[in-house]
Every structure is written in structure tokens, then in C-alpha cells.
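Note sheet for the following structure.
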Amino acid sequence: MTSDAGMFGIPSELRELAEKGIEQARSGYEEFYVLAHEASGCFEEHNKNLHVGIKRANKRVFSAMDECARDTFTLASDLNKAEDIGQMVFLQTDYARTQLMRFNELAIEVISEWKDASTDSVKTDGA
């Protein structure tokens with residue numbers, strides 16, 4: 001590796017290789033997401049009795065999964081560009097805080113959807 005060592009003494013070729021790896025992982029995730037979403041749709045289509053609330057919860061979970069994955073790829077790219085340890089710690093701390101808040105909100109939303117679906121299902125079955 002002949003280029004200057006730049007930030008943290010890491011050669012630019014190594015940083016470029018890391019960025020390519022991040023892009024490959026992002027591309028692989030996007031393919032996985034499409035396939036998982038299609039599989040979920042097939043399940044819903046085959047089970048006509050699946051309640052609307054469960055479908056909404058499923059949609060929200062996929063949306064959160066996508067947001068999380070995209071944020072993770074952004075973090076990896078940002079960490080690859082960090083100029084010092086302090087910036088890396090800040091990026092990771094901010095990412096962790098954001099993810100914890102997202103997971104808490106998601107749990108509340110999904111539990112509410114499941115609860116509503118369960119209650120509606122009992123009403124329908126009892127009617």
C-alpha cells in the first residue's frame with residue numbers, strides 16, 4: 001500500500017476496501033429485505049383471516065428493520081471516515097441512543113397493534 005496513511009495511520013486503500021465492503025453489505029441487505037417482504041406478503045395472502053392489526057404491526061416491524069439497517073450502514077460508513085477516536089465514540093453513542101429509542105417506540109406500537117388485533121379477534125369470534 002503506497003498511499004499516505006491519513007487518519008489513524010490507516011492507508012486510503014484500506015479505507016476504500018472497507019467502504020466497498022459496506023456497500024456490498026448494503027446491497028445484500030436490500031436484496032434480503034425485498035425477498036423477506038415478498039415472503040411476508042405471500043403469508044398474508046394465503047391466510048385471509050389474518051387480522052388488519054397484525055398486518056399493520058408486520059408493516060411497522062419491516063419499516064423499523066429497514067430504518068435500523070440503513071442507519072447501521074450509515075454508521076459504518078461514518079466510522080470509516082472518522083478522524084479521531086472521540087468522533088468514533090460520539091457516532092457510536094448517538095447511534096446506540098437512537099436505536100434504543102426506536103426499539104422502545106416499536107415495541108409499544110407493535111404490542112398495541114397485537115393487543116387491538118387480539119381484542120378485535122375475540123369480538124369477531126364471539127359475535
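The values are calculated or read from the model by the stated rules, or taken from the named source; none is laboratory data. Keep in mind that this is a model prediction, so the values were computed, not measured. Counting neighbours? That spans all protein chains shown, and the Cβs are built from the backbone with ideal geometry, glycine included.
Laid out as a table, the results:
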{"quantity": "Selection from segment 2-13 of residues that are exposed (fewer than 11 other Cβ atoms within 10 Å of the Cβ) and modelled with pLDDT of 60 or more", "calculated": "Gly9"}
{"quantity": "Failed item, numbered, when Glu105 is tested on (1) surrounded by 14 or more Cβ atoms within 10 Å (Cβ to Cβ); (2) under 30 Å from His37 (Cα atoms)", "calculated": "(1)"}
{"quantity": "Residue ID - surrounded by the most Cβ atoms within 10 Å (Cβ to Cβ), chosen from residues in segment 14-68 that are of a type in the set (Ser, Thr, Tyr) and modelled with pLDDT of 85 or more", "calculated": "Tyr29"}
{"quantity": "Residues (more than 19 Å from Leu14 (Cβ to Cβ) and polar (S, T, N, Q)) located in segment 68-97", "calculated": "Thr72, Thr74, Gln92, Thr93"}
{"quantity": "Where a residue in segment 29-47 is under 15 Å from Arg60 (Cα atoms) and its partner, wherever it lies, is part of a helix (DSSP H, G or I) and at pLDDT below 80, with Cβ under 8 Å and at least six apart", "calculated": "Glu44/Lys55"}
